[in-house]
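**Student:** Sharing a structure here in structure tokens format.
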Amino acid sequence: LIAALALQATGKHVLLLTGASQEEIRLFHDFALFTDRPVVDFPSWETLPSENIPPSPDIVGERYQVLKALQTSSEPQLILTSLQACLQRLIPPSIFKDLYLTLKPGQCPPFEKLIHQLLAMNYQRRPVASDKGEFAVRGGIIDIFPVSSPDLFRLEFWGDELESLRIYDPVGQKSIKQVDVADIPPGAELELLNQQAIQATILDYLGPKTLVIFDDLLALE
């Protein structure tokens, strides 16, 4: 209740820090009783810092969706996260913005340049795109599976013009429906993070207009 009222009263982002993932899940479901504002869950990697193992693409996609919302939305956000997720390093906001693509039919991104950009975003080129973080090229078609999407996209080009954008079935290789936009975040996190001399945390994306609430200080300690 305090977090929901603080968001309404201050007009600032509210970052609610928990000490355990179980508490984070419980709070996430309880918030619907106290506010009709959407609550954003920022998950942590399910790996230890010393393991140097890439997190799952699903978690990477969820994290990137939150960062994109913080960069584009003018509304204050209520963000629920664990201390671990808050401390984990991120790509700096300026670099993340350059590595995030929003594609729409009628745009003219140079075809070959787009392929090189997807590689720079750490998408893996494969004969067939079947898993998150992969893309495939066939003639004037690029198939891509963004880490933040449950769907694969088929980009059909005429020269350098993006003629159509469709969701397609990777098994039957058939288009399901046409869509107006495809958001494509970076294809990995740990690999891109290791390339950066300067790193950030979620606090750099939130900025100074942020209220931090510590839930269960003993657990956080």
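**Student:** Quick one: which residue in Pro170, Pro150 is more than 21 Å from Ile79 (Cα to Cα) and modelled with pLDDT of 90 or more?
**Tutor:** After applying the criteria, what remains is Pro150.
**Student:** Could you please find all residues in segment 4-24 being modelled with pLDDT under 90 and open to solvent by 30 Å² or more (accessible area, probe 1.4 Å)?
**Tutor:** Gly19, Ala20, Ser21, Gln22, Glu23, listed by residue number.
**Student:** List the number of the failed condition for Gln84; all other conditions in (1) over 12 Å from the mean Cα position of the chain (by Cα); (2) modelled with pLDDT of 90 or more; (3) not acidic (Asp, Glu) hold.
**Tutor:** Answer for Gln84: the failing condition is (2).
**Student:** Of everything in segment 204-215 that's surrounded by 12 or more Cβ atoms within 10 Å (Cβ to Cβ) and in contact with a strand residue (DSSP E or B) (Cβ under 7 Å, 6 or more places away or on another chain), which residue is nearest to Pro93 (Cα to Cα)?
**Tutor:** My answer is Leu206.
**Student:** Identify, please: which residue in segment 37-78 is modelled with pLDDT of 90 or more and of a type in the set (D, E, K, R) and is, among those, nearest to Asp98 (Cα to Cα)?
**Tutor:** Applying the filter and picking the extreme gives Lys68.
**Student:** Another one. Can you give me the number of residues within segment 1-44 that are of a type in the set (A, V, I, L, M) and farther than 13 Å from Leu78 by Cα?
**Tutor:** Adding up the residues that qualify gives 3.
**Student:** Here is a further query. State whether the residues of segment 131-140 include one that is in a strand (DSSP E or B), over 30 Å from Glu221 (Cα atoms) and under 17 Å from the mean Cα position of the chain (by Cα).
**Tutor:** Yes.
**Student:** While we're looking at this one, here's another question. If you take the residues in segment 206-221 that are of a type outside the set (Ser, Thr, Tyr) and part of a strand (DSSP E or B), which one is farthest from Gln22 (Cα to Cα)? I'd like the intermediate steps shown before the answer.
**Tutor:** Keep residues of segment 206-221 that are of a type outside the set (Ser, Thr, Tyr), which gives 206-209, 211-221.
Okay, now just the ones that are also part of a strand (DSSP E or B), so 211-214.
Details: Leu211: 23, Val212: 20, Ile213: 17, Phe214: 15 Å.
Here the residue is Leu211.
**Student:** Please identify the pairs in which a residue from segment 95-114 that is in contact (Cβ under 8 Å) with a residue 40 or more places away in the chain has its Cβ atom under 8 Å from the Cβ atom of a residue that is surrounded by fewer than 17 Cβ atoms within 10 Å (Cβ to Cβ) and among the small types (Gly, Ala, Ser), counting only partners at least 6 apart or on another chain.
**Tutor:** Filtered contacts from segment 95-114: Leu99/Ala120; Pro105/Ser164; Phe111/Gly140; Phe111/Gly159.
**Student:** Go through Ile167, Ile184 for me and flag whichever is without any contact (Cβ under 8 Å) to a residue 60 or more places away in the chain, aliphatic (A, V, I, L, M), farther than 21 Å from Cys86 by Cβ and in contact with a strand residue (DSSP E or B) (Cβ under 9 Å, 6 or more places away or on another chain).
**Tutor:** Unique residue meeting the criteria: Ile167.
**Student:** Would you confirm, using the coordinates I've provided, whether Arg125 is open to solvent by 70 Å² or more (accessible area, probe 1.4 Å) and modelled with pLDDT of 95 or more?
**Tutor:** When the stated conditions are applied, Arg125 passes them.
**Student:** What's the number of the only condition in (1) of a type in the set (A, V, I, L, M, F, W, C); (2) in contact (Cβ under 8 Å) with a residue 12 or more places away in the chain; (3) open to solvent by 80 Å² or more (accessible area, probe 1.4 Å) that Leu27 fails to meet?
**Tutor:** Unmet for Leu27, out of (1) of a type in the set (A, V, I, L, M, F, W, C); (2) in contact (Cβ under 8 Å) with a residue 12 or more places away in the chain; (3) open to solvent by 80 Å² or more (accessible area, probe 1.4 Å): (3).
**Student:** Could you please find all residues in segment 115-130 being aliphatic (A, V, I, L, M) and in a loop (DSSP other than H, G, I, E, B)?
**Tutor:** Listed by number, the residues that qualify are Met121, Val128, Ala129.
**Student:** Any residue in segment 196-221 that's farther than 14 Å from Gln84 by Cβ: show its pairings with residues that are among the aromatic types (Phe, Trp, Tyr) at Cβ separation under 6 Å, as long as the two are six or more apart or on different chains.
**Tutor:** Final answer for the pair search is none.
**Student:** While we're on this one: Name the pairs: first residue in segment 54-76 and aromatic (Phe, Trp, Tyr), second residue not in a helix (DSSP H, G or I), Cβ to Cβ under 7 Å, at least 6 apart or on different chains?
**Tutor:** Within 7 Å, the pairs are Tyr64/Val147; Tyr64/Ser148; Tyr64/Pro185; Tyr64/Pro186.
**Student:** Suppose we keep only residues that are of a type in the set (Val, Ile, Thr) and open to solvent by 60 Å² or more (accessible area, probe 1.4 Å) within segment 143-180. Which one would you say is nearest to Lys97 (Cα to Cα)?
**Tutor:** Filtering segment 143-180 for residues that are of a type in the set (Val, Ile, Thr) and open to solvent by 60 Å² or more (accessible area, probe 1.4 Å), the one nearest to Lys97 (Cα to Cα) comes out as Ile176.
The values are calculated or read from the model by the stated rules, or taken from the named source; none is laboratory data. Not measured: the values here are computed from a predicted model. Cβ sites come from the backbone with ideal geometry, for glycine too, and all protein chains shown count toward neighbours. Side chains included, ligands, DNA and RNA excluded: accessible areas come from the protein's heavy atoms. Shrake-Rupley method; radii C 1.70, N 1.55, O 1.52, S 1.80 Å.
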